[in-house]
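Asker: This is the structure, below, for whatever I ask next.
Values in this text are rule-based calculations from the coordinates and carry no lab data. Note that the structure is predicted; figures quoted are calculated from it, not measured. Every residue, glycine as well, gets a Cβ built from its backbone with ideal geometry; the counts of neighbours run over all protein chains shown.
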Amino acid sequence: MFNKNTSRVLLTTLTLIASGTVMANEPVWYVAPGLNYIISDSDRNADDEIGLVLGLGKIINDKWNVEASFLVDALDFSNGAGEFDQKGLMFDALYFYNRNMNSSPYAVAGLGILRTDAGAGEHTNLAANVGIGYRKILNDKGMGIRGDIRYRLDDDDSSVAGESRFDDWIVGVSLVIPFGQASSTTTATVPTPAKRTTRATEKVVTKDSDKDGVSDSRDRCPKTLPGVKVDK
């Protein structure tokens, strides 16, 4: 049976994913309307049915999305009149293998609540789901379509006598419609160092014909013998 410790761990994981990366990335929002085909637990004694789902999601970074989804379905009793009338709210984390690709597989896991009315009053219970899916981008605006299959645990111990939970399978397909734009990444421009102009040091050649250590331009005794010491 799904316990409180497990729910705390999963909720903490979702919180860390969201809070640990959102500061470094501008959010991109989207809505995801879709259909679910619920393969109900045989212990429900209910038919498989189609349900509706509407998701609101946010892209955290190139790997993670977080998403809240509202779902509604009605599972008819296999024997006799009546149905499991369900409404739920799920909070999921989606991990994408490679978002940069035109299409990408992903994994999903999350927690939520399901309110079920099976004819004997409404009951609100904890629910959890985990699954895998595949997403395909349809245009350059980021609109896409995705499909996934999820195992859903419904911690409903009130609708059917003797049952403490239900294990349903859900096959879903949804359209992903973005409505938020990520801020463009600003690339810092590193100035190109100016070319250093190397100017050759001009060598001043001083002519000293008589080798007395005094340049010809200042030499008052231009024909002094080499080695002879001269004064100013």
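Asker: Sort 149-156, 91-98 for me by packing, meaning the mean count of neighbouring Cβ atoms within 10 Å per residue, highest on top.
Answerer: 149-156, 91-98
Asker: Go through 72-81, 37-46 and give me the packing order, highest mean Cβ count within 10 Å leading.
Answerer: Result, highest mean first: 37-46, 72-81.
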